[in-house]
């Protein structure tokens, strides 16, 4: 999987970036190079980032001085700010009410069996059957403080899948953060582990989809059904 998010999430990333900058300074962004925008929102190219800015401007989400400056290092947008419509979308995202076309996977990394199961079974099944990309923190290529990036990824996701096989504290925290935002959280766990040691008492009463390499098709069927119920689709 590449490190570029889908256009809807990139647009929300741009709204968030502008809103954060303006909220901190109290002033419009006087000079905003397209190269900075590309890196901040995860756009695949400078041209794509430029087009996204122009489209959001045409849709009255952002406003800026015209015309933009074109220099050797590329276009620079001037006095960029959000419109009232843009600020409403910014606040919606901050409350976790924006949901992009992706799910977030909370899990422990560097376990060969789990890594292979996620790569070969979980992610393809979710994509093929629901149309949602399923991302984890290894798929995110943006620079910045990892905790903040993780929060953004969860806020921008339609749902979260949390694997509890290893009782990973991070997976529990990420699931709790998503629950606090009102996001649907689907718990999964390796069958033998769950039956012998269960999971933390705060989650062991929750619906948990059990997985094993002996029953891949059964797991996929139950997982997809659970996602669809959770999204009411």
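On C-alpha positions alone, give me the angle between the axis of helix 216-231 and the longest principal axis of the chain, in degrees, nearest 10.
50
At a 10 Å Cβ-Cβ cut-off, how would you order 150, 213, 12, fewest neighbours first?
213, 150, 12
Once the Cα atoms of the chain are picked out, what are the Rg and Dmax in Å?
Computed over the Cα atoms of the chain, radius of gyration and Dmax are 19.9, 66 Å.
Arranged by the count of other C-beta atoms within 10 angstrom, fewest first, what order do 212, 196, 45 take?
196, 45, 212
Under the definition of Cα pairs under 8 Å and six or more residues apart, what whole-number percent is the relative contact order of the stretch 7-94?
Relative CO of the stretch 7-94 lands at 36 percent.
Treating the angle as unsigned and between 0 and 90°, give the value, to the nearest 10°, between the Cα long axis of helix 46-58 and the longest Cα principal axis of the chain.
80
Compute the angle between helix 7-25 and the longest alpha-carbon principal axis of the chain, please, reported from 0 to 90 degrees and rounded to the nearest 10.
With rounding to tens, the tilt is 60 degrees.
For a test of the definition: using alpha carbon positions, the gyration tensor, and the 1.5 limit on a/c, classify the stretch 102-231 as rounded, prolate or oblate.
Here the stretch 102-231 falls in the rounded category.
So how do 215-226, 182-193 stack up, highest first, on mean other-Cβ count within 10 Å?
182-193, 215-226
Report relative contact order for the chain in percent, whole number only (criteria: Cα-Cα under 8 Å, sequence separation at least 6).
17 percent.
For the chain, what does -39500 (n - 2.57) per DSSP helix run (n ≥ 4), summed and divided by total residues, give at 222 nm, in deg cm²/dmol to the nearest 500?
It lands at -14500 deg cm²/dmol.
Since every read-out is calculated from the coordinates, none of them should be taken as a lab result. What you see is a predicted model; the values in this text were computed from it and never measured. When we count neighbours, we look across all protein chains shown, and the Cβ atoms used for this are built from the backbone with ideal geometry, even at glycine.
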